[in-house]
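What follows is a set of notes on a single structure, which appears directly below.
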Amino acid sequence: MANFVEATSSQQFEDLLSKAGKFLTVVHFQAAWAPQCSQMNDVMGELAKENKHTMFVKLEAEAVPEVSEKYEIASVPTFLFFKGGQKIDRLDGAHAPELTNKVQRLSVSSGGLGGPGVESPKEDLNERLKRLINAAPCMLFMKGSPQEPRCGFSRQIVALFKDHAIQYSSFDILSDEEVRGGLKTFSNWPTYPQVYVNGELVGGLDIVKELAESGELENTCPKAVTLEHRLKSTINRSPVMLFMKGNKEQAKCGFSRQILEIMNSAGVEYSTFDILEDEEVRQGLKTYSNWPTYPQLYVKGELIGGLDIVKELKESGDLPSVLRGEC
(Lines give C-alpha, C1' and ligand atoms only; values in the text may rest on other atoms or scores of the structure.)
Protein backbone atom coordinates (compact mmCIF):
# COMPACT_ATOMS: atom_id res chain seq x y z
CA MET A 1 0.00 0.00 0.00
CA ALA A 2 1.64 3.20 -1.25
CA ASN A 3 0.50 5.37 1.66
CA PHE A 4 1.38 2.87 4.44
CA VAL A 5 5.14 2.38 4.73
CA GLU A 6 7.88 1.64 7.24
CA ALA A 7 10.77 4.00 8.01
CA THR A 8 13.97 2.24 9.04
CA SER A 9 16.30 5.21 9.34
CA SER A 10 16.27 8.83 10.44
CA GLN A 11 16.94 10.00 6.89
CA GLN A 12 14.06 7.95 5.47
CA PHE A 13 11.77 9.35 8.16
CA GLU A 14 12.72 12.94 7.28
CA ASP A 15 12.31 12.23 3.55
CA LEU A 16 8.80 10.89 4.10
CA LEU A 17 7.80 13.99 6.06
CA SER A 18 9.22 16.23 3.38
CA LYS A 19 7.49 14.32 0.58
CA ALA A 20 4.10 14.52 2.33
CA GLY A 21 4.28 18.32 2.37
CA LYS A 22 1.12 19.92 3.76
CA PHE A 23 -0.78 16.63 3.76
CA LEU A 24 -1.20 14.74 7.03
CA THR A 25 1.43 12.16 8.04
CA VAL A 26 0.70 9.73 10.89
CA VAL A 27 3.74 8.06 12.47
CA HIS A 28 3.37 4.97 14.66
CA PHE A 29 6.31 4.47 17.04
CA GLN A 30 6.13 0.73 17.65
CA ALA A 31 8.00 -2.28 19.06
CA ALA A 32 7.97 -5.83 17.69
CA TRP A 33 7.58 -7.25 21.22
CA ALA A 34 4.36 -5.33 21.96
CA PRO A 35 1.19 -7.12 20.71
CA GLN A 36 -0.86 -3.92 20.97
CA CYS A 37 1.42 -2.36 18.31
CA SER A 38 0.56 -5.16 15.89
CA GLN A 39 -3.14 -4.57 16.54
CA MET A 40 -2.77 -0.84 15.92
CA ASN A 41 -0.91 -1.53 12.65
CA ASP A 42 -4.04 -3.35 11.49
CA VAL A 43 -6.02 -0.21 12.35
CA MET A 44 -3.46 1.91 10.45
CA GLY A 45 -3.85 -0.34 7.43
CA GLU A 46 -7.61 0.16 7.37
CA LEU A 47 -7.24 3.92 7.83
CA ALA A 48 -4.73 4.03 4.97
CA LYS A 49 -7.34 2.46 2.66
CA GLU A 50 -9.89 5.10 3.64
CA ASN A 51 -7.53 8.11 3.61
CA LYS A 52 -5.58 7.93 0.36
CA HIS A 53 -3.96 11.35 0.73
CA THR A 54 -2.70 10.72 4.26
CA MET A 55 0.70 9.05 4.71
CA PHE A 56 0.90 6.36 7.40
CA VAL A 57 4.36 5.46 8.67
CA LYS A 58 5.41 2.77 11.15
CA LEU A 59 8.78 3.15 12.84
CA GLU A 60 10.55 0.76 15.24
CA ALA A 61 11.19 3.07 18.21
CA GLU A 62 14.33 1.30 19.47
CA ALA A 63 15.82 0.89 15.98
CA VAL A 64 15.84 4.64 15.29
CA PRO A 65 16.67 6.04 18.75
CA GLU A 66 17.62 9.52 17.51
CA VAL A 67 14.08 10.07 16.21
CA SER A 68 12.48 8.58 19.35
CA GLU A 69 14.59 10.79 21.61
CA LYS A 70 13.88 13.91 19.55
CA TYR A 71 10.13 13.47 19.99
CA GLU A 72 10.33 12.16 23.58
CA ILE A 73 8.87 8.72 22.88
CA ALA A 74 8.73 6.98 26.28
CA SER A 75 6.35 4.12 25.52
CA VAL A 76 4.72 2.22 22.66
CA PRO A 77 2.49 2.54 20.84
CA THR A 78 2.76 6.30 20.39
CA PHE A 79 1.38 8.19 17.39
CA LEU A 80 2.61 11.56 16.13
CA PHE A 81 0.79 13.67 13.54
CA PHE A 82 2.70 15.93 11.14
CA LYS A 83 1.91 18.57 8.53
CA GLY A 84 4.51 20.52 6.62
CA GLY A 85 7.21 18.67 8.53
CA GLN A 86 5.91 19.99 11.87
CA LYS A 87 4.36 17.95 14.67
CA ILE A 88 0.77 19.07 15.23
CA ASP A 89 -0.68 16.40 17.53
CA ARG A 90 0.12 13.29 19.56
CA LEU A 91 -1.65 10.17 20.86
CA ASP A 92 -0.17 7.86 23.48
CA GLY A 93 -1.46 4.31 23.79
CA ALA A 94 -3.51 1.79 21.80
CA HIS A 95 -6.75 3.74 21.39
CA ALA A 96 -8.19 2.87 17.97
CA PRO A 97 -11.26 5.15 18.16
CA GLU A 98 -9.20 8.20 19.16
CA LEU A 99 -6.67 7.48 16.40
CA THR A 100 -9.49 7.22 13.86
CA ASN A 101 -11.07 10.44 15.12
CA LYS A 102 -7.80 12.39 14.95
CA VAL A 103 -7.03 11.13 11.43
CA GLN A 104 -10.48 12.10 10.18
CA ARG A 105 -10.38 15.52 11.79
CA LEU A 106 -6.80 16.41 10.82
CA SER A 107 -6.92 15.01 7.28
CA VAL A 108 -10.09 16.97 6.41
CA SER A 109 -8.47 20.22 7.51
CA SER A 110 -5.58 19.60 5.11
CA GLY A 111 -7.62 18.56 2.09
CA GLY A 112 -8.38 14.99 3.14
CA LEU A 113 -9.50 12.27 0.75
CA GLY A 114 -10.32 14.55 -2.10
CA GLY A 115 -6.99 16.35 -2.23
CA PRO A 116 -6.17 20.00 -1.48
CA GLY A 117 -9.19 22.17 -0.80
CA VAL A 118 -11.72 19.34 -1.23
CA GLU A 119 -13.51 18.20 1.91
CA SER A 120 -14.10 14.45 2.22
CA PRO A 121 -17.73 13.29 2.23
CA LYS A 122 -19.27 13.34 5.70
CA GLU A 123 -19.97 9.93 7.21
CA ASP A 124 -23.50 9.31 8.50
CA LEU A 125 -23.48 9.94 12.27
CA ASN A 126 -25.24 6.69 13.19
CA GLU A 127 -22.82 4.68 11.06
CA ARG A 128 -19.91 6.45 12.70
CA LEU A 129 -21.29 5.78 16.18
CA LYS A 130 -21.79 2.09 15.36
CA ARG A 131 -18.19 1.88 14.15
CA LEU A 132 -16.86 3.57 17.28
CA ILE A 133 -18.94 1.39 19.60
CA ASN A 134 -17.57 -1.71 17.89
CA ALA A 135 -13.97 -0.49 17.65
CA ALA A 136 -12.92 -2.81 20.51
CA PRO A 137 -14.60 -5.64 22.48
CA CYS A 138 -14.95 -3.25 25.43
CA MET A 139 -15.34 0.46 24.70
CA LEU A 140 -15.40 3.24 27.30
CA PHE A 141 -16.74 6.64 26.24
CA MET A 142 -15.44 9.08 28.85
CA LYS A 143 -14.28 12.62 29.52
CA GLY A 144 -10.53 12.66 28.95
CA SER A 145 -8.33 9.60 28.61
CA PRO A 146 -7.43 6.72 30.96
CA GLN A 147 -4.13 8.51 31.60
CA GLU A 148 -5.85 11.85 32.29
CA PRO A 149 -9.55 11.51 33.21
CA ARG A 150 -11.29 14.88 33.18
CA CYS A 151 -14.18 14.24 35.55
CA GLY A 152 -14.69 12.33 38.79
CA PHE A 153 -17.04 9.73 37.28
CA SER A 154 -14.59 8.92 34.49
CA ARG A 155 -11.76 8.70 37.03
CA GLN A 156 -13.74 6.23 39.12
CA ILE A 157 -14.59 3.94 36.22
CA VAL A 158 -10.97 3.90 35.00
CA ALA A 159 -9.89 2.91 38.53
CA LEU A 160 -12.48 0.10 38.60
CA PHE A 161 -11.29 -1.23 35.26
CA LYS A 162 -7.69 -1.13 36.47
CA ASP A 163 -8.52 -2.92 39.75
CA HIS A 164 -10.30 -5.69 37.85
CA ALA A 165 -7.73 -5.92 35.01
CA ILE A 166 -10.31 -5.11 32.34
CA GLN A 167 -8.98 -4.74 28.80
CA TYR A 168 -10.62 -1.83 26.98
CA SER A 169 -10.24 1.05 24.56
CA SER A 170 -11.56 4.53 25.19
CA PHE A 171 -12.90 7.56 23.37
CA ASP A 172 -12.67 11.12 24.70
CA ILE A 173 -16.13 12.64 24.17
CA LEU A 174 -14.72 16.12 24.92
CA SER A 175 -12.77 15.89 21.67
CA ASP A 176 -15.87 15.45 19.50
CA GLU A 177 -19.12 17.29 20.25
CA GLU A 178 -20.98 15.41 17.51
CA VAL A 179 -20.21 12.05 19.12
CA ARG A 180 -20.87 13.43 22.60
CA GLY A 181 -24.36 14.57 21.72
CA GLY A 182 -25.19 11.86 19.22
CA LEU A 183 -24.36 8.90 21.45
CA LYS A 184 -26.84 10.06 24.11
CA THR A 185 -29.66 9.83 21.58
CA PHE A 186 -28.32 6.74 19.80
CA SER A 187 -28.23 4.67 23.00
CA ASN A 188 -30.94 6.52 24.94
CA TRP A 189 -28.48 7.05 27.81
CA PRO A 190 -28.16 10.71 28.85
CA THR A 191 -24.92 10.74 30.84
CA TYR A 192 -21.24 9.80 30.66
CA PRO A 193 -19.21 7.67 31.06
CA GLN A 194 -20.79 4.91 28.95
CA VAL A 195 -19.48 1.34 28.60
CA TYR A 196 -20.16 -0.93 25.61
CA VAL A 197 -19.26 -4.61 25.27
CA ASN A 198 -19.39 -6.23 21.82
CA GLY A 199 -21.36 -3.25 20.55
CA GLU A 200 -24.04 -3.39 23.26
CA LEU A 201 -24.54 -0.75 25.96
CA VAL A 202 -23.73 -2.02 29.46
CA GLY A 203 -24.36 1.27 31.23
CA GLY A 204 -22.59 3.95 33.21
CA LEU A 205 -20.64 4.18 36.44
CA ASP A 206 -23.42 2.93 38.74
CA ILE A 207 -23.97 -0.20 36.61
CA VAL A 208 -20.24 -0.92 36.48
CA LYS A 209 -20.02 -0.51 40.26
CA GLU A 210 -22.89 -2.98 40.73
CA LEU A 211 -21.19 -5.48 38.40
CA ALA A 212 -17.93 -5.11 40.32
CA GLU A 213 -19.63 -5.61 43.70
CA SER A 214 -21.51 -8.71 42.48
CA GLY A 215 -18.39 -10.24 40.92
CA GLU A 216 -19.91 -10.10 37.43
CA LEU A 217 -17.65 -7.42 35.95
CA GLU A 218 -14.96 -9.90 34.85
CA ASN A 219 -17.62 -12.04 33.17
CA THR A 220 -19.13 -9.04 31.40
CA CYS A 221 -15.96 -7.29 30.20
CA PRO A 222 -12.85 -8.94 28.70
CA LYS A 223 -9.91 -9.21 31.09
CA ALA A 224 -6.47 -8.08 30.09
CA VAL A 225 -3.85 -10.78 29.76
CA THR A 226 -1.40 -10.16 32.60
CA LEU A 227 2.32 -10.55 32.07
CA GLU A 228 2.41 -13.40 34.59
CA HIS A 229 -0.29 -15.30 32.69
CA ARG A 230 1.53 -14.66 29.41
CA LEU A 231 4.84 -15.93 30.83
CA LYS A 232 3.18 -19.08 32.21
CA SER A 233 1.55 -19.76 28.86
CA THR A 234 4.81 -19.26 26.98
CA ILE A 235 6.83 -21.45 29.38
CA ASN A 236 4.26 -24.24 28.96
CA ARG A 237 3.99 -23.89 25.19
CA SER A 238 6.12 -27.04 24.84
CA PRO A 239 7.25 -29.73 27.34
CA VAL A 240 10.81 -28.50 26.83
CA MET A 241 11.18 -24.74 26.27
CA LEU A 242 14.47 -22.92 25.71
CA PHE A 243 14.50 -19.13 26.04
CA MET A 244 17.51 -17.84 24.12
CA LYS A 245 18.90 -15.13 21.89
CA GLY A 246 17.95 -16.28 18.41
CA ASN A 247 16.33 -19.60 17.49
CA LYS A 248 17.17 -23.19 16.54
CA GLU A 249 18.31 -22.11 13.10
CA GLN A 250 20.45 -19.17 14.19
CA ALA A 251 21.79 -18.45 17.67
CA LYS A 252 22.64 -14.79 18.28
CA CYS A 253 25.11 -15.12 21.17
CA GLY A 254 27.85 -17.56 22.18
CA PHE A 255 25.98 -18.94 25.21
CA SER A 256 22.88 -19.64 23.14
CA ARG A 257 25.00 -21.31 20.47
CA GLN A 258 26.62 -23.60 23.04
CA ILE A 259 23.33 -24.66 24.63
CA LEU A 260 21.84 -25.40 21.19
CA GLU A 261 24.72 -27.79 20.46
CA ILE A 262 24.10 -29.60 23.74
CA MET A 263 20.33 -29.75 23.25
CA ASN A 264 20.64 -31.04 19.69
CA SER A 265 22.91 -33.85 20.88
CA ALA A 266 20.45 -34.94 23.60
CA GLY A 267 17.93 -36.49 21.22
CA VAL A 268 14.89 -34.83 22.84
CA GLU A 269 12.38 -32.58 21.05
CA TYR A 270 12.31 -28.97 22.27
CA SER A 271 11.02 -25.54 21.28
CA THR A 272 12.73 -22.16 21.48
CA PHE A 273 11.68 -18.58 22.16
CA ASP A 274 13.74 -15.65 20.88
CA ILE A 275 13.91 -13.13 23.72
CA LEU A 276 15.36 -10.51 21.37
CA GLU A 277 11.97 -10.25 19.67
CA ASP A 278 9.97 -9.62 22.84
CA GLU A 279 11.33 -7.17 25.40
CA GLU A 280 8.39 -7.70 27.76
CA VAL A 281 9.13 -11.43 28.04
CA ARG A 282 12.89 -10.82 28.13
CA GLN A 283 12.68 -8.59 31.20
CA GLY A 284 9.65 -10.19 32.85
CA LEU A 285 11.03 -13.73 32.84
CA LYS A 286 14.10 -12.66 34.80
CA THR A 287 11.89 -11.53 37.68
CA TYR A 288 9.31 -14.31 37.31
CA SER A 289 11.92 -17.08 37.65
CA ASN A 290 14.46 -15.14 39.71
CA TRP A 291 17.11 -16.00 37.12
CA PRO A 292 18.93 -12.95 35.75
CA THR A 293 20.60 -14.30 32.61
CA TYR A 294 19.91 -16.13 29.35
CA PRO A 295 19.60 -18.76 28.00
CA GLN A 296 17.02 -20.36 30.32
CA LEU A 297 15.72 -23.93 30.01
CA TYR A 298 12.31 -25.10 31.26
CA VAL A 299 10.92 -28.64 31.41
CA LYS A 300 7.17 -29.12 32.01
CA GLY A 301 6.92 -25.53 33.19
CA GLU A 302 9.78 -25.76 35.71
CA LEU A 303 13.07 -23.89 35.45
CA ILE A 304 16.09 -26.18 35.00
CA GLY A 305 18.67 -23.40 34.70
CA GLY A 306 21.09 -21.84 32.26
CA LEU A 307 24.08 -22.96 30.25
CA ASP A 308 26.26 -23.98 33.23
CA ILE A 309 23.50 -26.18 34.70
CA VAL A 310 22.87 -27.83 31.34
CA LYS A 311 26.60 -28.46 30.92
CA GLU A 312 26.73 -30.14 34.34
CA LEU A 313 23.72 -32.32 33.51
CA LYS A 314 25.35 -33.39 30.25
CA GLU A 315 28.63 -34.25 31.97
CA SER A 316 26.82 -36.30 34.65
CA GLY A 317 24.74 -38.11 32.04
CA ASP A 318 21.47 -36.90 33.55
CA LEU A 319 20.44 -34.50 30.79
CA PRO A 320 18.28 -36.86 28.68
CA SER A 321 16.25 -38.03 31.67
CA VAL A 322 15.82 -34.45 32.94
CA LEU A 323 14.61 -33.31 29.53
CA ARG A 324 12.10 -36.15 29.47
CA GLY A 325 10.85 -35.04 32.91
CA GLU A 326 11.97 -38.24 34.62
CA CYS A 327 14.00 -36.54 37.34
Checklist outcome for this item: Under 5 Å from the placed amide H of A165, counting only residues 5+ away or on other chains, we find none
Item to check | the chain: angle of helix 205-214 to the longest principal axis, Cα-based, in degrees nearest 10 | outcome: 30
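Within the accessible area of the chain, what % is carbon and sulfur when the probe is 1.4 Å and the other protein chains stay in place? Let's see the in-between values first.
Working: 7880 of 16450 Å².
Taking all protein chains in place, the chain shows 48 percent carbon and sulfur surface.
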Checklist entry - Accessible surface of R237 in the full protein assembly, 1.4 angstrom probe, to the nearest 10 Å²? => result 150
Next on the checklist: Amide H of V268 versus every other amide H placed in the peptide plane: which residues, excluding those fewer than 5 positions away on the same chain, fall under 5 Å?
Outcome noted: none
Next on the checklist: Taking amide H atoms as placed 1.01 Å from N in the peptide plane, list the residues 5 or more away in sequence, or in a different chain, whose amide H sits under 5 Å from that of G246.
Outcome noted: K252, I275, L276
Item to check | Note, ³J(HN,Hα) from phi for the range 270-280, Karplus 6.51, -1.76, 1.60, rounded to Hz, x at Gly and Pro | outcome: 8, 10, 10, 9, 8, 5, 6, 9, 8, 5, 5
Item to check | Cα centroid of the range 262-317 to Cα centroid of the range 169-183, whole Å | outcome: 49
Checklist entry - Accessible surface of T185 in the full protein assembly, 1.4 angstrom probe, to the nearest 10 Å²? => result 120
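Leaving out ligands and nucleic acids, note down the accessible area per residue over the range 209-314 with a 1.4 angstrom probe, in whole Å². Don't skip to the answer; put the middle values down first.
Numbers: 5820 Å² over 106 residues.
With all protein chains present, the range 209-314 gives 55 Å² per residue.
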Checklist entry - So what's the angle, to the nearest 10 degrees on a 0 to 90 scale, between helix 254-265 and the longest Cα principal axis of the chain? => result 60
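For the range 148-202, what is the relative contact order in percent, using Cα pairs closer than 8 Å and at least 6 residues apart in sequence? Walk me through the numbers before you get to the answer.
Values: 20 pairs, mean separation 14.9, N = 55.
The normalised contact order for the range 148-202 reaches 27 percent.
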Checklist outcome for this item: Measure of exposure for W33: accessible area at 1.4 Å probe, Å² rounded to 10, is 70
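Take every Cα pair under 8 Å in the chain that's 6+ residues apart, average their separations, divide by the length, and report that relative contact order as a whole percent.
Over the chain, the number comes to 12 percent.
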Next on the checklist: Just to be sure I understand: with springs between alpha-carbon atoms less than 10 Å apart, which residue in G267, G284, G45 has the highest mean-square fluctuation in the Gaussian network model of the chain?
Outcome noted: G267
Item to check | Length-normalised contact order for the range 23-182 - Cα pairs under 8 Å, 6+ apart - percent | outcome: 21
Checklist outcome for this item: Expressed in nanometres to one decimal, the distance between label points 7 Å along Cα→Cβ at H229 and S9 is 4.3
Item to check | Tilt relative to the chain, helix 177-187 - C-alpha long axis, 0 to 90 degrees, to 10 | outcome: 80
Item to check | Proximal aspartates and glutamates relative to K70, as straight alpha-carbon distance under 18 Å, when same-chain residues fewer than 8 apart are discounted | outcome: E14, D15, E60, E62, D89, D92
Item to check | Per residue solvent-accessible surface (Å²) - the range 132-180, probe of 1.4 Å | outcome: 45
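The values are calculated or read from the model by the stated rules, or taken from the named source; none is laboratory data. Everything quoted here is computed from the prediction, not taken from an experiment. When we count neighbours, we look across all protein chains shown, and the Cβ atoms used for this are built from the backbone with ideal geometry, even at glycine. To get the accessible areas, we keep the full protein, side chains included, count just its heavy atoms, and leave off ligands, DNA and RNA. Shrake-Rupley method; radii C 1.70, N 1.55, O 1.52, S 1.80 Å.
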